[in-house]
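Chemist: The structure under discussion is supplied below as structure tokens; questions concerning it will follow.
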Amino acid sequence: MLTIDRLTVENLERGCVTDDATPRFSYALSATAGAEVREVTLTVGDWVCHPSSQIAVPYAGGPLEPFSTYPVTLSVTDERGATVRAATSFETGRMGEAWSGEWISDATYRFTDKKVSPRPMSFRRVFVPAPGRQVVRARLYATAMGVYEFSIDGRRVGDRYFAPGFTSYATNLQYQTYDVTALLADGDAGAAHTLLATVAGGWAVGSFVFTRVNRVTADRQALLAELRVDYADGTSEVIGTGSDWEVTTDGPFVMADLYDGETYDATRAFGPDGEGVGGTVRPSWHEAAVERPKTVPKRIEADYGAPVREHETFEPIGCKRRADGETIYDFGQNFAGIVRLDITGADEGQRIDVRHAEILNPDGTLNTTFLRTAKATATYICTSGDQTYAPRFTYMGFRYIAVRGIDPARIRVTGVALYSELARTGDFACSDERINRLQSNIVWGAKSNLLDIPTDCPQRDERMGWTGDIAVFAPTACYDFDMSRFLDKWLRDVKAEQLPTGGIPNTVPVQGYGFPATMPRMAIAWWGDACVLVPWAEYEARGDVSVLEDMYGTMRKYVNACRFWAGLFGVGKHRYIWWMPTPFQFGDWIAPDVPKMQQWQARGKWTGTASLNNTARTLAKVARVLGHEADAREYDELADRAADAYVSVFTDGDGRLKEEFQTAYVLPLHLGMFPDEATRTKAVDNLAALVESNGYRIGTGFPGTPYILFALADNGRPDVAFRMLTNETCPSWLYEVKMGATTVWERWDGLDEHGECPIGDDGTDLMISYNHYASGAVGAFLYRRVAGIEPVEAGYRRFRVRPLVGGGLTWANGHVDTPYGTAGSAWSVTGTRFTLTVDVPFGTTCEATLPDGTIRELAHGTHTMACDLH
Ligand code: BGC
């Protein structure tokens, strides 16, 4: 018997609205033993097909009409003739239809201040449905320069934050589609409805980047929206933004800034009709003006990303009132999000300030030093009585808050995590609770930094799309979550922002940064590598080749640029040594064995050359998947040359580096750059000796940290890998756990043994974040080696389970929700007996390897096997 477990359109089970002319459909099945698929029929509107793949089947029927709903059905028949069916639907968006509305703004609002965000702007339009006609379908299409939120008659439209999302606005701007039928059909027929939108500065107009630039995309906020209403009698009506809308900047949102926080004055709150309720200040609505924003996006397309929504909530685990009048709350978890205040019996005009921070000072006050210029403060001015407030247009990275201005007995605070909607696809657990905490910290590092774009950190005045961070973290993220929509969206911007000569900006979207400006055309190893490594990680996990097709041109141009920069000044083998400073490298960024930024960068020669090998080799694999054989050979050869240059120039030819440091061994070992087994063995022994002499502590920066355990374990030294993994001495992953970390830190030594931050201004510009996912890239090792699950064929159609026993673990298990269903590995050790249970999803096969070397080919089902450990 077969069951259809999942049927998706553009990776969404429900609610897909797309402008894609060829949306993609995927499905997963489960089955009882022996069941077989005889026939699969996918029907989309009038189009019928019999797909041979379960992943990303592209629509190939007649042209899709805009503003339409298409039913999708899947029927699957088994070997006995029994058929199961599943249904979903999707909606087309505008499909390029011109907007009947125009961009509007407040022509009277002059905003020239530097380094801050503009005052939020609100827009209003009253809509009266045609008399006597019943609304049967209503959609609101909306986007903004800034971040917006709509309400109808005072009821919030949708549940997402920070719409229209963060993209490279000059090229890509998303619009959202809201089903507002119920909001308009409610109430008396013929009654007036008030559409109200507030637009804050967000990324497009507000201050962003630690230099606090503002007005990058537009000089002030603007709104573009269209309401389309269908009536029961077959008529319809379209209301677009225009000068018949009203605007005001003296609504309740007094200040909103991504870094600084939000100020909300409830005495100015809008009533359902947009008029002021209570208080003395009435909004001065006036005519909105048609606006021509200084940046006109090339494409305005139906939302294709993963919307930011509310997720977990946290009640305080501790609360302390201080003599200075502030109350400090501890939520027990560092996260990105906002705080919700439930207030009782407040006085009109009472002001409540909430400051946020990741750590406390020794005296129990908030430590906000490392937020740098970010004020991360929510201020709420109360009306009288009971009320609730939560910021809408900002977020903070925090574990602690300090509340001032209210008696703790009259307020309840709740932490609300905000992050992009990502289906959780992986879990890992083992017998060592410390490693389980590490896994949780890795997942929270991801949740806190997968907020519309992949950010470096969620708290200080950065939160930018640093490419190097996701380049190293993507493989782990792709175990823990279905990253497809999130990464596909971001990769469109990577593609859009690629420099004409092939380099990739260090942060995407650039949005006012573009460092280092002096060398705008450069390629930068490991950071720019994101354009190759991120699509590859996504492809391996999800098996959808379209991400490779979409990015292939970008990848080639980038690797060609790397080859150019590496070869610029060298001759012979040195043409493949990407030496410092050509033109600039981050090198072994954050390596804890050398204290200075310049020392991390000075290792750029090693990390750059290894990057050239890695990106060229990965690109060759991509070329092969896409059927570009000649390209594949060209990039394989480039990878070989970089490997040969690395080994010839940096080592004695016998597995010893002339200048030794962990990353310099890790990269050639993990990337297979040593020419033969004998040299590799010597090299791994040298790495092991280096690690031992360092007390099994980490000495790697961004490029080495994800791979060091693989480099050791895969080359015969799992003993050393496990000693590093389980080490609690700083710097190590479990040192952070020992110190009570709930996320992964940027710097291993972020807190000393007393729980205090020992780092002052050490030349890194207070670069101390307690929520940076990059070093959490070790997560992939937990899945791939400890649980032992990894894809052999992209998307896990064929996968491997080969657990690595060590570190005193007596059991471990990992599950991965593959596109075909859940793959699982669960092992335990009793005495010397090792037992492994493997779950193989329907439609896949697995090669399981036991620690004694026995290999078993497994078909769909659950299989248990055992062996003796020696
Ligand atoms: C960020 C990093 C980033 C680095 C590169 C930092 O400020 O937080 O994670 O990759 O800069 O310079």
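Throughout, read-outs are computed from the coordinates displayed, never taken from laboratory work. Treat the numbers as computed from the prediction; the structure is a model and nothing was measured. For neighbour counting, all protein chains shown are included, and Cβ atoms are generated from backbone atoms with ideal geometry for every residue, glycine included.
Chemist: Residue separation times 0.36 nm, minus the C-alpha to C-alpha distance between E659 and T32: what's the value?
Modeler: Net length gain for the segment: 219.9 nm.
Chemist: Starting from the Cα of T365, step 7 Å toward the Cβ, then list every residue of the stretch 381-417 with an amide N under 15 Å from that point.
Modeler: So the set is 402-404.
Chemist: Take the Cβ-Cβ distance between T373 and D868 as r, set R0 to 41 Å, and report the resulting FRET efficiency rounded to the nearest 0.05.
Modeler: 0.10
Chemist: Step through the residues of the stretch 140-149 one at a time and calculate ³J(HN,Hα) from phi using the Karplus curve (6.51 cos²θ - 1.76 cosθ + 1.60, θ = phi - 60°), rounding each to whole Hz and writing x for Gly and Pro.
Modeler: 10, 10, 8, 8, 7, 9, x, 10, 10, 8
Chemist: Then there is this: Taking Cα centroids, how far is the stretch 303-325 from the stretch 160-239 in Å?
Modeler: One Cα centre to the other: 26 Å.
Chemist: Taking R0 as 41 Å, what's the FRET efficiency between T388 and T69 from their Cβ-Cβ distance, rounded to 0.05?
Modeler: Once rounded, the FRET efficiency stands at 0.70.
Chemist: Is there a quick way to get the dipole size of the chain? I mean about its Cα centre, with the Cβ of Lys and Arg at +1 and of Asp and Glu at -1; what is the value in debye to the nearest 20?
Modeler: Working: 85 positive and 111 negative charges, 239 e Å.
I would put it at about 1140 debye.
Chemist: Mean separation of Cα pairs under 8 Å and 6+ residues apart, divided by the residue count of the stretch 178-316: what relative contact order is that in percent?
Modeler: It rounds to 19 percent for the stretch 178-316.
Chemist: Shifting gears a bit: Which order do H772, H860 fall in if you start with the one that has the fewest other Cβ atoms within 10 Å?
Modeler: With the sparsest Cβ surroundings first, the list reads H860, H772.
Chemist: Also: How far apart, in nanometres, would the label points at R633 and E677 be if each is projected 7 angstrom from Cα along the Cα-to-Cβ direction?
Modeler: It works out to 2.9 nm between the two label points.
Chemist: Follow-up. Using a 10 Å cut-off around each Cβ, can you sort K115, K489, K375 from fewest to most neighbouring Cβ atoms?
Modeler: Ranked by crowding around the Cβ, least crowded first: K115, K375, K489.
Chemist: Per 0.36 nm of contour for each residue apart, how much would the distance between D46 and E549 grow if the chain were fully extended, relative to their Cα-Cα spacing?
Modeler: Contour length minus the Cα-Cα distance gives 178.3 nm.
Chemist: For T729 paired with T211, estimate the spin-label separation in nm (one decimal), with each label point 7 Å from Cα along the Cα-to-Cβ line.
Modeler: 4.3
Chemist: Sticking with this one: Is any residue of the stretch 400-437 close enough, with backbone N under 16 Å, to a label point placed 7 angstrom from the Cα of D342 along the Cα-Cβ axis, and if so, which?
Modeler: 408-417, by backbone N distance to the label point.
Chemist: By how many degrees, 0 to 90 and rounded to 10, does the Cα axis of helix 530-542 deviate from the longest principal axis of the chain?
Modeler: The two axes meet at around 90 degrees.
Chemist: Scale the Cα Rg of the chain by the rule-of-thumb value 2.2 N^0.38 Å and send over the ratio, two decimals.
Modeler: On the way: Rg = 28.0 Å, N = 870, 2.2 N^0.38 = 28.8 Å.
Compactness ratio reported: 0.97.
Chemist: Per residue of the stretch 743-756, in order, report the coupling 6.51 cos²θ - 1.76 cosθ + 1.60 (Karplus, θ = phi - 60°) as ³J(HN,Hα) in whole Hz, putting x for Gly and Pro.
Modeler: After applying 6.51 cos²θ - 1.76 cosθ + 1.60, I find 9, 9, 8, 6, 10, 4, 9, x, 10, 7, 4, 8, x, 10 Hz.
Chemist: What's the angle, to the nearest 10 degrees (0 to 90), between helix 484-497's Cα axis and the longest principal axis of the chain?
Modeler: 90
Chemist: With axes computed from alpha carbons, what is the tilt in degrees of helix 629-650 against the longest principal axis of the chain, rounded to the nearest 10 within 0 to 90?
Modeler: Helix 629-650 sits at roughly 60 degrees to that axis.
Chemist: Residue separation times 0.36 nm, minus the C-alpha to C-alpha distance between R624 and D233: what's the value?
Modeler: Additional length available on full extension: 135.2 nm.
Chemist: Let me ask something additional. Under the rule of at least 5 residues apart or a separate chain, name every residue whose amide H is placed under 5 Å from the amide H of R798.
Modeler: V792, E793, T845
Chemist: In addition: What's the exposure ranking of E315, E660, going from fewest to most Cβ atoms within 10 Å?
Modeler: On the way: E315 11, E660 16.
In order of increasing Cβ crowding within 10 Å: E315, E660.
Chemist: Do you know the relative contact order of the chain, to the nearest whole percent, from alpha carbon pairs under 8 angstrom that are 6+ apart?
Modeler: 10
Chemist: Assuming R0 = 41 Å, what is the FRET efficiency of V571 and E315, from their Cβ-Cβ distance, to the nearest 0.05?
Modeler: 0.05
Chemist: I've got another one for you. At a Cα cut-off below 17 Å, give the aspartates and glutamates reachable from K320, other chains included and same-chain residues fewer than 8 away excluded.
Modeler: D330, D353, E358, D363, D407
Chemist: For the stretch 610-684 and the stretch 805-825, compute the distance between their C-alpha centroids and round to whole Å.
Modeler: Comparing the Cα centres of the stretch 610-684 and the stretch 805-825, I get a distance of 30 Å.
Chemist: Do the alpha carbons of any pairs in K115/K447; K115/K738; K115/K298; K294/K621 sit beyond 32 Å of each other, and which pairs?
Modeler: Values: K115/K447 28 Å; K115/K738 39 Å; K115/K298 27 Å; K294/K621 42 Å.
The answer is K115/K738; K294/K621.
Chemist: Once both labels are modelled 7 Å past Cα along the beta-carbon direction, what's the V296-E847 spacing in nm?
Modeler: 5.6
Chemist: How big is the antiparallel share of DSSP beta bridges in the chain, given as a percent to the nearest 5?
Modeler: Percentage antiparallel, nearest 5: 90.
Chemist: Please work out the Cα center distance from the stretch 68-114 to the stretch 355-400, rounded to the nearest Å.
Modeler: First find each Cα centre; the distance between them is then 36 Å.
Chemist: Right, something else. Give me a comma-separated list of calculated 3J(HN,Hα) values for the stretch 333-345, in order, Karplus coefficients 6.51, -1.76, 1.60 applied at θ = phi - 60°, integers in Hz, x for any Gly or Pro.
Modeler: Karplus values, whole Hz, x for Gly and Pro: 8, 7, 7, 9, x, 9, 10, 9, 10, 10, 10, 10, x.
Chemist: Once amide H atoms are built 1.01 Å from N in the peptide plane, which residues 5 or more positions from W103, or in another chain, come under 5 Å H to H?
Modeler: E291
Chemist: Hey, another quick one. Hey, what number do you get for the chain at 222 nm if only DSSP H runs of n ≥ 4 count, each worth -39500 (n - 2.57), divided across all residues, to the nearest 500?
Modeler: Dividing the helical sum by the residues of the chain leaves -6500 deg cm²/dmol.
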